[in-house]
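The values are calculated or read from the model by the stated rules, or taken from the named source; none is laboratory data. Predicted, not measured: the structure shown is a model, and the values here were computed from it. Cβ placement follows ideal geometry from the backbone for every residue including glycine, while neighbour counts extend to all protein chains displayed.
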Amino acid sequence: MRYQIRIRGQLGRTMRAAFPDLHAQARGGDTLLAGALPDQAALHGVLARIEALGLELLEVRRLEAGRRESPGGVTPPHPGVRNAEPSRPPKGH
């Protein structure tokens, strides 16, 4: 599965080296890491590394095969989920 991960700030060469399996690209004042990860455990490993390095995670997107970005920036629901409703905040909030 391909992922796109946005981190606040522009990462230098040393910090980018912490993510050898992902391509890093500066976007505005942020860094976009993108690439294929073999499974969810690998994704969690990348997210743990981001936290351990004290970086601020802004966004994670799962990309469709053959596409650079998800349509509208929305990650589709898991294929096993049927009739999923979008989550709504509780009333009164």
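Data for the structure
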item	result
Subset of segment 9-31 [exposed (fewer than 13 other Cβ atoms within 10 Å of the Cβ) and charged (D, E, K, R)]	R13, D21, R27
Only one of L55, L33 that is part of a loop (DSSP other than H, G, I, E, B), at pLDDT 95 or above, in contact with a Leu (Cβ under 9 Å, 6 or more places away or on another chain) and not β-branched (V, I, T)	L55
Complete set of residues in segment 60-82 that are at pLDDT 60 or above and loosely packed, with under 13 Cβ neighbours inside 10 Å	A65, G66
Segment 1-46, subset closer than 16 Å to L63 by Cβ and touching a residue at least 40 places away in the same chain (Cβ under 8 Å), residue farthest from the chain's Cα centre (by Cα)	M1
